[in-house]
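The values are calculated or read from the model by the stated rules, or taken from the named source; none is laboratory data. All values derive from a computational prediction rather than experimental measurement. Every residue, glycine among them, receives a Cβ derived from its backbone with ideal geometry; neighbour counts consider all protein chains shown. Calculation scope for accessible area: heavy atoms of the full protein, side chains included, ligands and nucleic acids excluded. Shrake-Rupley method; radii C 1.70, N 1.55, O 1.52, S 1.80 Å.
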Amino acid sequence: MWTASLLVVLLLQTAQKPAPVAQPPAVLEPAPGNPIAVISTSMGDITVELFKDRAPVSVENFLRYAAEGFYPGTVFHRVVKGFVVQGGGYLPGMIEKPTHEPIQNEATNGLRNTRGTLAMARTQTLRSATSQFYINVSNNSALDHRGYTPSDFGYAVFGRVLSGMDVADRIADVPTKAENPIEPVTIKSVTVK
C-alpha cells in the first residue's frame, strides 16, 4: 500500500511539472564606442560589432571599403561548411575587384577565431589582407596567432556577429563546387550604424 501511494505521488509530481520553454537566443550587446555594421546578403542580414579598440587598422579598413560602396555586388566566394564563409573581394563569376594596398596583420591582438567572429582573409603572405573577410562558423583555433612564422602568425579577428549567425550558417550550407557556391550568395549592402 505504501509503495503504491509513493508511486502515485511521484507520478503526480512528474505530471505537474511544466514542459521546458525554449529560451530565445541571448541578445549580444556591443561595447560602447564600437561601430556596428549590417551586412545585407541575398540570404538575409548579418549584424556585426567591429572591435576598433582591439583591431583599429582592420576596422578602419573595413569601414573604408564600406564607405566607398565597395561591397555591394560582391559574393561569398569561399564557403566551407563547418569552417568559414568568406567574401568581399569577388563579383559573380570569380571576377576579382581591384583593392587598396594590403594592411597590417593584427593577428597578435589576442582575439581568437571562435564561432561567430569576423576576421581578415589573406594569402600566405603575412601582410596581404585587403577587402576580403570571413565569418567563422565554428571554433577555428588553427587560424589564431601562435608564433611568428608565416604558418603560425594567424588571421586577424576584428569583429563578431551580434545577430544573423543563422544567416551565416545557411550560407555555410549552400551547395558548392571547389568551395564556390553553385548559386551566388551576394552582398547587397554594408551599412554602418
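Just one of the listed residues (Gly164, Gly116) is within 14 Å of Glu49 (Cα to Cα), in contact with a Lys or Arg (Cβ under 8 Å, 6 or more places away or on another chain), open to solvent by less than 30 Å² (accessible area, probe 1.4 Å) and modelled with pLDDT of 95 or more, and it is Gly116.
May I ask you to list the residues in the stretch 73-84 that are open to solvent by 20 Å² or more (accessible area, probe 1.4 Å) and either under 16 Å from Ser40 (Cβ atoms) or aliphatic (A, V, I, L, M) (or both)? Listed by number, the residues that qualify are Gly73, Val80.
Of all the residues in the stretch 73-102, those that are in a strand (DSSP E or B) and closer than 28 Å to Ser141 by Cα number 11. Looking across the stretch 64-107, the residues that are of a type in the set (D, E, K, R) and within 22 Å of Leu50 (Cβ to Cβ) come down to Arg64, Glu68, Arg78, Lys97, Glu101, Glu106.
For Ser42, state whether it is open to solvent by less than 50 Å² (accessible area, probe 1.4 Å) and on the phi < 0 side of the Ramachandran plot. For Ser42, the condition - open to solvent by less than 50 Å² (accessible area, probe 1.4 Å) and on the phi < 0 side of the Ramachandran plot - is not met. Annotation: of all residues in the stretch 52-72 being open to solvent by 30 Å² or more (accessible area, probe 1.4 Å) and part of a loop (DSSP other than H, G, I, E, B), the one that is modelled with the lowest pLDDT is Asp53. All conditions in (1) modelled with pLDDT of 95 or more; (2) under 23 Å from Arg112 (Cα atoms); (3) among the hydroxyl-bearing types (Ser, Thr, Tyr) hold for Thr191, with the sole exception of (2). The sole residue among Ala19, Ala31, Ala26, Ala15 that is aliphatic (A, V, I, L, M), open to solvent by less than 60 Å² (accessible area, probe 1.4 Å), modelled with pLDDT under 95 and over 20 Å from Arg122 (Cα atoms) is Ala31. Going through (1) surrounded by 19 or more Cβ atoms within 10 Å (Cβ to Cβ); (2) assigned to a loop (DSSP other than H, G, I, E, B) one by one, Gly147 falls short only on (1). Scanning the stretch 63-108 for residues that are in contact with a helix residue (DSSP H, G or I) (Cβ under 7 Å, 6 or more places away or on another chain) and without any contact (Cβ under 8 Å) to a residue 12 or more places away in the chain turns up nothing.
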